[in-house]
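Values in this text are rule-based calculations from the coordinates and carry no lab data. Quantities reported herein were computed from a predicted structural model and do not represent experimental measurements. Cβ sites come from the backbone with ideal geometry, for glycine too, and all protein chains shown count toward neighbours.
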Amino acid sequence: MYISKLSLFQFKNYETLEVEFEAKINCISGENGAGKTNLLDALHYLSMSKSYFLNTDTQNILHAQDMMMIKGNFCMNGQNLAQNSEENFEIYCAIQIGQKKILKVNDLVYTKITEHIGRFPMVMIAPSDQDLIAEGSEERRRFLDSLISQIDKEYLQNLIHYNHYLSQRNAILKQNTALDTTLIETYDKYLLNFGEKITQKRQLFMEEFLPIFQKNYDFLTQKKESCHFEYKADFLLKDFKNKYYQAFQKDVLLKRTTFGTHKDDIIFFIDNYPLKKYGSQGQQKSFLIALKLAQYEIIYQKKQFKPILLLDDIFDKLDDFRIQQLIKLVNDETFGQIFVTDARPERTAQIFATIHIKPAIFTIENGKLIP
Ligand SMILES: Nc1ncnc2c1ncn2[C@@H]1O[C@H](COP(=O)(O)OP(=O)(O)OP(=O)(O)O)[C@@H](O)[C@H]1O
Ligand SMILES: [Mg+2]
């Protein structure tokens with residue numbers, strides 16, 4: 001899959017933009033603050049119908065305006081299509097303050113935006129991924145959920161149900177009136193049922209994901225260190241149902257549900273020590289890149305076509321060897337269309353020159369992309 005054309009209207013720092021891309025490697029250069037990351041975020045929007053960086057849609061509208069629009073022309077050329085045939089899609093996303101988000105594919109409006117998830121997959125690697133290591137478990141669950149949701153529709157539905165009943169249960173716990181225990185019991189049943197399904201899926205997924213991650217890490221680093229991760233979940237504990245009910249007193253006291261799938265975590269290790277504490281900056285970055293490359297690989301396996309790879313400022317903090325390995329890897333025919341941003345275009349051009357590739361290079365100046 002690749003995107004051939006992108007149009008923006010009042011998206012972040014872009015007033016209007018129309019640009020055509022190459023089907024293989026596109027490098028975006030420009031000074032700090034020029035809009036390189038924003039451009040990748042616009043692409044991400046078309047894939048996930050939301051920003052990679054901001055949770056509120058309206059924050060992506062150009063300052064002092066009240067609407068924005070992103071449009072992209074996609075070309076599918078996956079293995080599940082007949083050889084040499086291509087299918088074209090136009091994705092259109094518009095946000096207006098005070099209105100419902102509009103998302104269309106070939107002029108057909110989605111009734112449920114979740115139906116779009118997984119149809120046009122992309123994998124972003126950005127400096128803010130560091131949050132996956134540095135921040136709390138929520139970031140890691142979000143990563144996991146977003147990844148599994150793209151390849152498993154049932155998982156996404158279970159997650160939506162679970163989160164719905166969780167917020168209902170928490171709302172009751174927060175009330176200052178006498179607790180409606182019948183209602184709590186109903187929610188308990190749903191939470192246990194959906195929670196167990198989610199946990200089982202996450203565990204199965206992690207088992208499949210770990211060796212793919214390790215393979216990528218080893219390739220990037222020539223096995224200089226060994227990395228792994230472990231999935232931790234309340235619902236994997238022995239006797240978890242009793243433990244769930246036993247937590248009730250604590251839930252009442254703290255006015256929220258304290259036991260369940262919404263507390264799951266993934267613990268990252270480097271040479272059997274916690275990565276967050278003991279990994280160097282470059283090791284942490286390599287870990288994150290390997291994680292994302294594994295994400296790419298697993299989506300490719302399941303979908304039978306190549307996601308688009310978005311690499312934002314990827315070369316910082318990596319040593320020359322790791323950069324070389326990374327470039328060798330993404331030049332492999334496993335990868336399809338790739339976007340690379342770099343504030344130093346000479347560096348990017350030089351890195352690609354070492355493996356005899358001439359990527360399309362765009363420079364951003366005053367909100368315009370110059371080929
Ligand atoms: N909603 C918005 N409206 C207008 N401008 C915005 C909006 N959101 C972000 N910006 C501007 O976009 C610019 C940042 O763009 P971006 O993060 O894409 O830069 P970059 O080229 O990736 O820079 P760097 O090299 O530092 O990573 C900033 O100047 C910021 O003020
Ligand atoms: Mg940037």
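Going by how many other Cβ atoms sit within 10 Å of their own, how do THR199, THR257 line up, fewest first? Intermediate results must be reported in sequence, preceding the final value.
Numbers: THR199 19, THR257 24.
Arranged by neighbour count, lowest to highest, THR199, THR257 become THR199, THR257.
Taking the Cα centre of segment 83-240 as the origin, how large is its charge dipole in debye, to the nearest 20, when only Lys and Arg (+1) and Asp and Glu (-1) carry charge on their Cβ atoms? Don't jump to the answer; show the numbers that get you there.
Values: 20 positive and 24 negative charges, 45 e Å.
With only Lys, Arg, Asp and Glu charged at Cβ, the dipole is about 220 debye.
Under the 0.36 nm per residue contour assumption, what length would be gained going from the current alpha-carbon distance of ASN272 and ASN331 to full extension? Let's see the in-between values first.
Working: separation 59, 0.36 × 59 = 21.24 nm, distance 3.14 nm.
Additional length available on full extension: 18.1 nm.
Work out the FRET efficiency for THR56 and LYS153 from their Cβ-Cβ distance, taking R0 = 25 Å, and round it to the nearest 0.05.
On the way: r = 26 Å, r/R0 = 1.03.
E(calc), rounded to 0.05, equals 0.45.
Tell me which GluC sites (Glu not before Pro) from segment 262-371 have a DSSP coil assignment and no more than 16 other beta carbons within 10 Å of their own. Don't skip to the answer; put the middle values down first.
Values: sites: GLU297, GLU333, GLU346, GLU365; in loops: GLU333.
The qualifying sites are GLU333.
Which loop-located GluC sites (Glu not before Pro) does segment 132-169 contain, where loop means any DSSP state but H, G, I, E or B and the Cβ has at most 16 other Cβ atoms within 10 Å? Don't skip to the end; give the middle numbers.
Working: sites: GLU135, GLU138, GLU139, GLU154; in loops: GLU135.
In loop regions of segment 132-169 (DSSP not H, G, I, E or B), the sparsely surrounded GluC sites (Glu not before Pro) are GLU135.
Measure nothing fancy, just the Cα-based angle from helix 320-331's long axis to the longest principal axis of the chain, in degrees from 0 to 90, nearest 10.
With both axes taken from Cα atoms, the answer is about 90 degrees.
Find which of LEU291, LEU310, THR258 sits farthest along the positive direction of the dipole of segment 210-312, computed with +1 on the beta-carbon of Lys and Arg, -1 on that of Asp and Glu, about the Cα centre.
So the residue we want is THR258.
Would you be so kind as to identify which of ILE361, PHE268, ASN242 lies farthest towards the positive end of the dipole of segment 242-371, taking Lys and Arg as +1 and Asp and Glu as -1 on Cβ and the Cα centre as origin?
It is ASN242, whose Cα lies furthest towards the positive end.
Please give the FRET efficiency for GLN246 paired with LEU183, using the beta carbon to beta carbon distance and R0 = 25 Å, rounded to the nearest 0.05.
Values: r = 20 Å, r/R0 = 0.79.
Once rounded, the FRET efficiency stands at 0.80.
If the only charges are +1 at each Lys and Arg Cβ and -1 at each Asp and Glu Cβ, what is the size of the charge dipole of the chain around the Cα centre, to the nearest 20 debye?
760 debye
Compute the helix-to-body angle for 153-174: its Cα long axis versus the longest principal axis of the chain, expressed 0 to 90° and rounded to tens.
Around 50 degrees separate the two axes.
Taking the chain as the reference, fit the longest principal axis to its C-alpha atoms, fit the long axis of helix 137-151 to the helix C-alpha atoms, and give the angle between the two in degrees, 0 to 90, nearest 10.
Result, in degrees: 70.
P(r) of the chain in 10 Å steps, Cα pairs, percent per bin?
The distribution over the chain is 5, 21, 29, 26, 14, 5, 1, 0, given as percents.
Which lysines, if any, have their Cα less than 25 Å from the Cα of LYS277, not counting same-chain residues under 8 positions apart?
LYS277 reaches LYS215, LYS223, LYS224, LYS232, LYS263, LYS285, LYS292, LYS317.
When you take every Cα atom in segment 191-340, what is the radius of gyration, and what is Dmax, the widest Cα pair distance, in Å?
Spelled out, the Cα radius of gyration and Dmax of segment 191-340 are 18.8, 56 Å.
Can you compute the helix-only [θ] at 222 nm over the chain? Use -39500 (n - 2.57) per DSSP H run of at least 4 residues, normalise by all residues, nearest 500 deg cm²/dmol. Walk me through the intermediate numbers first.
On the way: 11 runs with 157 residues, N = 371.
So the calculated ellipticity at 222 nm is -13500 deg cm²/dmol.
I'd like the distance separating the alpha-carbon centroids of segment 178-248 and segment 111-127, in whole Å.
After rounding, the separation between the Cα centres reads 23 Å.
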